[in-house]
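What follows is a single structure, written as structure tokens, with notes after it.
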Amino acid sequence: MDISIIFVNYKSPQLVLDCVDSIYEQTKKLSFEIIVVDNFSQDNSHEIVSNKYPAIKWIPMGYNAGFARANNEGIRNATGEYVLILNTDTIILENALDKAVALFEAEKNAVACGIQLLNPDGSQQISGAHFITGGLNILLPLPYFGKLIRFLGYSLKTKVPSVSNVESKTKVDWIIGAFILLRRSTAMQCLMNEDFFMYAEEIEWCSRLRKLGDIYLYADPKVIHIGGGTSSDYYDTTENENSKNLWNRKGRQVVLSNILYIRKTWGICWYLFMMICYLFEIPVFAFCLLIEKIFKGKKAKYKWQNVAGYISNVGILLKYSFKMLVNKPYFYKVA
């Protein structure tokens, strides 16, 4: 078996079928198996998928284990020389899997690779990124303080960390979790961190994979990434930008996972600094919104409910702060 393709499913059988259809249509040179790890969908996903593709290996988790734990279970059950972590909301284009494996095989020092992700309209999508010291870029979504950080970054001509226009071969620090290709032996040696439920887990994973070799993005293999597929079902939202909204239920998990990534990758000092920044945003958010309301009225970008939601989500951070500080194993899943 050349490659084991792993999907994590949560109530998205049609997305699985659409992607599997594209795999069979566009993969000509590789032998492959498809593994679907189901995060307790409690629907007819298994029946729908297995009726069309009975050879698919279906693994029920028995609870909603999130992205890292479910993918790890798929990796443990894989038999291919290579493992591909692939989102259900993707479509394979132009023999992308054949091309990606060939390019990866030719790169002897590569430990993992990604490819050029495209939006459904064919435009380029962020496919990976470079690390910023301390993970400071996670502060950019903060409503007002984040804008100041972005302004300072541009003023100092700091290199933009995200990579959307992939050159023929681009070395990066981490790749988007929609498509991550690596050897099964490497994946077994360095599994995803199971403290994560959803979001930022691939960033932390790549920070450890980089200690074993280089991570690349390749331009020629292309895959459509619709975005927000499984997480939209769980969070009941059509919002594709997972990191922009920090005051709703989805934002609660984003904030927690981002801070968890900082603690595990950058250490205690950076973790404490980030906690201070998130707390500092509370009075900044309230004061700046008040000014906007005075001068713009109903045209203000945010609402007072957003401030209340953000304060509530930061409260969740404080609730888990000691667990993160001591860094003992814990499943950081919030409702």
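The values are calculated or read from the model by the stated rules, or taken from the named source; none is laboratory data. Given the structure is predicted, the values throughout are model-derived calculations rather than measurements. Methodologically, a virtual Cβ is constructed for each residue, glycine included, from the backbone with ideal geometry; neighbour enumeration extends over all protein chains shown. In case anyone asks, the SASA skips ligands and DNA or RNA and just uses the protein heavy atoms, side chains included. Shrake-Rupley method; radii C 1.70, N 1.55, O 1.52, S 1.80 Å.
The accessible surface of the chain, taken with every protein chain in place and a 1.4 Å probe, is 57 percent carbon and sulfur.
Computed with a 1.4 Å probe over protein heavy atoms only, the accessible surface of the chain comes to 45 Å² per residue. Determine the shape class of the stretch 40-88: with a ≥ b ≥ c the square roots of the Cα gyration tensor eigenvalues, call it rounded for a/c under 1.5, and otherwise prolate if a/b is greater than b/c, oblate otherwise. Oblate. For the stretch 26-60, applying the loop criterion from DSSP together with a ceiling of 16 other beta carbons within 10 Å to the chymotrypsin sites (Phe, Trp or Tyr not before Pro) yields 40.
Sequence neighbours fewer than 8 away in the same chain don't count; with that in mind, list the lysines whose C-alpha is under 24 Å from residue 323. Within the straight-line limit of under 24 Å, residue 323 reaches these lysines: 250, 264, 333. In the stretch 12-71, one over the average inverse separation of all distinct C-alpha pairs is 12.3 Å, which is the Kirkwood hydrodynamic radius. Per-residue Karplus couplings for the stretch 306-319, computed as 6.51 cos²θ - 1.76 cosθ + 1.60 with θ equal to phi - 60°, are listed in order as 5, 5, 4, x, 5, 4, 4, 5, 5, x, 4, 4, 5, 4 Hz, Gly and Pro entered as x.
Ranking 88, 19, 322 by Cα position along the charge dipole of the chain, where only Lys, Arg, Asp and Glu carry charges on their C-beta atoms, puts 322 farthest toward the positive end. Identify, among 284, 163, 305, the residue whose Cα sits farthest towards the positive end of the charge dipole of the chain, taking +1 on the Cβ of Lys and Arg and -1 on the Cβ of Asp and Glu, with the dipole about the Cα centre. Projecting each Cα onto the dipole axis, the largest value belongs to 284.
Note on exposure: 303, 333, 157, 250 ranked by accessible area (1.4 Å probe, complete protein assembly) read 157, 303, 333, 250, with the most exposed listed first. Of all aspartates and glutamates in the structure, the ones whose alpha carbon falls short of 13 Å from that of residue 303, not counting any fewer than 8 places away in one chain, are 292. Sequence-ordered 3J(HN,Hα) estimates for the stretch 160-166 from the Karplus curve with 6.51, -1.76 and 1.60 and θ = phi - 60° stand at 5, x, 6, 10, 10, 9, 6 Hz, glycine and proline given as x.
For the stretch 325-335, 3J(HN,Hα) computed residue by residue from phi via the Karplus equation (6.51, -1.76, 1.60; θ = phi - 60°) reads 4, 7, 6, 8, x, 6, 8, 8, 10, 10, 6 Hz, glycine and proline entered as x.
Excluding residues fewer than 8 places away in the same chain, name every one of the lysines whose C-alpha is closer than 18 Å to that of residue 157. Straight-line reach from residue 157, under 18 Å: 147. Dipole magnitude for the chain: about 1520 debye, using +1 per Lys or Arg Cβ and -1 per Asp or Glu Cβ, origin at the Cα centre. Anisotropy class assigned to the stretch 51-198 is prolate, per the alpha carbon gyration tensor with a/c at or over the 1.5 cut-off and a/b larger than b/c.
The H on the amide N of residue 183, modeled in the peptide plane, is under 5 Å from the matching H of 83, each at least 5 residues off or on a different chain.
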